[in-house]
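J.: So that we are looking at the same thing, I have put the structure below in structure tokens.
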Amino acid sequence: MISDRVKGTRVIRTALPAEAETIAALHHRARATYYPDGLPDDGTDWAAAWRGAVERPDGHVLCAVEDGAITGIASFRTPEGCPAHTVRLFQFHVDPGHWGAGTGTALHAACVEEWQADGKRTAVLDVHVDNRRAQAFYARQGWLPDPENPPAPGDHHLFLRYAVPSGE
């Protein structure tokens with residue numbers, strides 16, 4: 001399990017099941033920023049989905065906490081069918097009120113630290129094509145287009161790959 005990391009008043013730690021509602025609300029606020037017509041309602045119970053992610057024995061959900069409030073979240077695991085050295089970043093969100101404050105960079109660094117500790121060599125993710133802010137963030141962190149997974153015509157996701165530093 002990841003240990004708490006403090007930078008000023010920011011702590012990066014493992015999320016708790018009881019925080020699922022708060023995490024789902026942050027998730028909604030962040031995703032709503034890149035849907036010009038509003039976040040589509042696909043019927044997903046995001047609080048239940050986040051609770052499930054937190055409780056998964058093979059998953060990891062980290063959260064950034066600043067002054068007692070969750071300001072960022074990241075969910076990752078190695079899904080079935082992926083090589084053991086590969087991790088998939090399923091969700092990564094920073095509360096829009098905390099953009100530009102270093103929350104995302106600190107949360108990403110904590111993810112990388114955990115990936116290194118788990119012996120991961122590659123991380124993959126997909127990002128919505130309209131989420132230019134996230135694409136720029138990931139590029140600054142060293143993510144590149146995934147050559148093994150180019151976007152399909154009409155797909156609304158871009159697939160990115162990250163070479164996890166060895167940590168040595």
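Every number in this text was worked out from the coordinates using simple rules, so none of it is lab data. Since this is a predicted model, take the numbers as computed values, not measurements. Backbone-built Cβ (ideal geometry, glycine too); neighbour counts: all protein chains shown.
J.: What residues qualify as long-range amide H neighbours of Gln91, i.e. H under 5 Å apart, gap of 5 or more or another chain, H built at 1.01 Å from N?
T.: So Gln91 has HN proximity to Ser75.
J.: Moving to a separate point now. So how much slack lies between Thr14 and Arg29, counting 0.36 nm per residue of separation and subtracting their Cα-Cα distance, in nm? Show your work: numbers first, answer last.
T.: Values: separation 15, 0.36 × 15 = 5.40 nm, distance 2.07 nm.
Gain on stretching Thr14 to Arg29: 3.3 nm.
J.: Among the DSSP beta bridges whose two residues both lie in the range 5-163, what percent are antiparallel, rounded to the nearest 5?
T.: 90 percent
J.: Now a separate question. For the chain, calculate the relative contact order in percent as a whole number, restricting contacts to Cα pairs under 8 Å that are 6 or more residues apart. Walk me through the numbers before you get to the answer.
T.: Details: 260 pairs, mean separation 30.6, N = 168.
Contact order relative to length: 18 percent.
J.: Take the alpha-carbon positions of the range 13-69, form their convex hull, and give its projected area averaged over all directions (one quarter of the hull surface) in nm². Write out the running numbers ahead of the final one.
T.: Numbers: hull surface 18.1 nm².
For the range 13-69, the mean projected area of the Cα convex hull comes to 4.5 nm².
J.: About the Cα centre of the range 1-156, what is the dipole size in debye to 20, counting +1 per Lys and Arg Cβ and -1 per Asp and Glu Cβ, all else neutral?
T.: 540 debye
J.: Okay, moving on. From the square roots a ≥ b ≥ c of the eigenvalues of the alpha-carbon gyration tensor of the chain, which class results: rounded (a/c under 1.5), prolate (a/b over b/c), or oblate?
T.: Taking the square roots of the gyration eigenvalues as a ≥ b ≥ c, the chain is rounded.
J.: Go through the range 56-64 residue by residue and turn each phi into a ³J(HN,Hα) via Karplus (6.51, -1.76, 1.60, θ = phi - 60°); whole Hz please, and just put x for glycine and proline.
T.: 4, x, 9, x, 9, 10, 9, 9, 8
J.: To continue, here is another question. Based on the Cβ-Cβ distance of Ala49 and Ser166, what FRET efficiency does E = 1/(1 + (r/R0)^6) give at R0 = 25 Å, to the nearest 0.05? Could the numbers behind the result be given before it?
T.: Values: r = 33 Å, r/R0 = 1.32.
The value I calculate is 0.15.
J.: What list of ³J(HN,Hα) couplings, whole Hz, do you get for the range 73-86 from phi and the Karplus terms 6.51, -1.76, 1.60, once you set θ to phi - 60° and write x for glycine and proline?
T.: Residue by residue, the range 73-86 yields 9, 9, 10, 8, 5, 9, x, 4, x, 8, x, 4, 8, 10 Hz.
J.: Amide H to amide H, which residues 5 or more places from Thr78 or on other chains are under 5 Å from it, using H placed in the peptide plane?
T.: The list, which skips near neighbours in sequence, is Arg88.
J.: Check Gly72: other-chain or 5+ apart residues with amide H under 5 Å from its amide H, H built from backbone geometry?
T.: Distant-sequence amide H within range of Gly72: Ala64, Asp95.
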